[in-house]
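The next block holds one structure in the form of structure tokens; read it before the comments.
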Amino acid sequence: MVIKELRDVTYEIGERKLFTIKELQIRTNERIGLIGRNGSGKTTLLELISGKRNIQTGEMIGSPS
């Protein structure tokens, strides 16, 4: 079962685009790992998924964790 879904999400800080996500689904009992350089947006993405930050563009389906 899908518990969280992100569609066409982009996130920018100033003029710097951290990431663009066309589609991301998180399902019950999945384990997810994030790998990337410092400052690439890993923590920001987790904060978006958890509801600590607001999505700038796109949509998130599912209640905050």
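The values are calculated or read from the model by the stated rules, or taken from the named source; none is laboratory data. Computed from a prediction, not measured in an experiment: that's the story for all the values here. Note: ideal-geometry Cβ built from the backbone for every residue, glycine included; neighbour counts use all protein chains shown. Quick note on the areas: whole protein, heavy atoms, side chains included, nothing else; ligands and nucleic acids left out. Shrake-Rupley method; radii C 1.70, N 1.55, O 1.52, S 1.80 Å.
The loop-placed trypsin sites (Lys or Arg not before Pro) in the stretch 15-55, going by DSSP, that have at most 11 neighbouring Cβ atoms within 10 Å of their Cβ come out as Arg31, Arg37.
The residues of the chain present an accessible area of 77 Å² per residue when probed at 1.4 Å with all protein chains retained.
A DSSP coil position with no more than 13 other Cβ atoms inside 10 Å describes the following GluC sites (Glu not before Pro) in the chain: Glu15, Glu30.
Heavy-atom surface analysis with a 1.4 Å probe gives the chain a carbon and sulfur content of 48 percent of its accessible area. Charged neighbours of Leu6, selected by a Cβ distance under 12 Å, balance to -1 (K, R count +1; D, E count -1).
Taking the alpha carbon gyration tensor of the chain, multiplying each eigenvalue by 5 and rooting it gives semi-axes of 19, 14, 10 Å, largest first.
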